[in-house]
1. Pull up the range 47-86, narrow it to residues that are among the hydrophobic types (A, V, I, L, M, F, W, C) and in a loop (DSSP other than H, G, I, E, B), then point me to the one that is nearest to Phe120 (Cα to Cα).
2. Given the conditions (1) over 11 Å from the mean Cα position of the chain (by Cα); (2) crowded, with 17+ Cβ neighbours inside 10 Å, and given that Gly81 satisfies all but one, which numbered condition is not satisfied?
3. Looking for whichever is modelled with pLDDT under 95 and among the basic types (Lys, Arg) here; the options are Arg44, Arg8. Which one fits?
4. Do we have any residue at all in the range 67-82 that's in contact with a helix residue (DSSP H, G or I) (Cβ under 7 Å, 6 or more places away or on another chain) and closer than 23 Å to Phe104 by Cα?
5. Please name all residue pairs, on different chains or six or more residues apart, with Cβ atoms under 8 Å, provided the first residue is in the range 14-35 and is under 16 Å from Glu119 (Cα atoms) and the second residue is among the β-branched types (Val, Ile, Thr) and assigned to a loop (DSSP other than H, G, I, E, B).
Amino acid sequence: MSVSQHQRKLTPEEEQVIVHKGTEMPFTGKYYAFWEKGTYVCKRCGAKLYRSESKFEAHCGWPSFDEEIPGAVKRLPDLDGMRTEIQCANCGAHLGHVFAGEQFTEKNTRHCVNSLSMEFIRDR
């Protein structure tokens, strides 16, 4: 089965974030203070989104990445008219928001991602 054909059943909390574009409470997500080596994938379809090497501590309350896997994330204007939403490019799952110009890393980009939107696969 290809990644695009597989969508796993979501819990009500996951659905609130992934489908209804909610946000988990800051500092509560299982990947916020998580530093294992591996790949973060979309919770709904399993598409690869981020590598652990791009994760950094932004002290914002959510997992932060300064680079996605090429082609994995699409950017859309947020309904609030101020932010840029990020979604899984494969299935459209809401991931969070992307910010630029904050100077956290040399790439000057912060993908602020809900832990509920991702699963983690450890490097072997």
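The values are calculated or read from the model by the stated rules, or taken from the named source; none is laboratory data. This is a predicted model, so every value here is computed, not measured. Cβ sites come from the backbone with ideal geometry, for glycine too, and all protein chains shown count toward neighbours.
1. If we take residues in the range 47-86 being among the hydrophobic types (A, V, I, L, M, F, W, C) and in a loop (DSSP other than H, G, I, E, B), then Ala47 is nearest to Phe120 (Cα to Cα).
2. Condition (2) is where Gly81 drops out.
3. Of Arg44, Arg8, the one residue that is modelled with pLDDT under 95 and among the basic types (Lys, Arg) is Arg8.
4. Checking the range 67-82: at least one residue is in contact with a helix residue (DSSP H, G or I) (Cβ under 7 Å, 6 or more places away or on another chain) and closer than 23 Å to Phe104 by Cα.
5. Going by the 8 Å Cβ cut-off, the qualifying pairs are Val17/Thr23.
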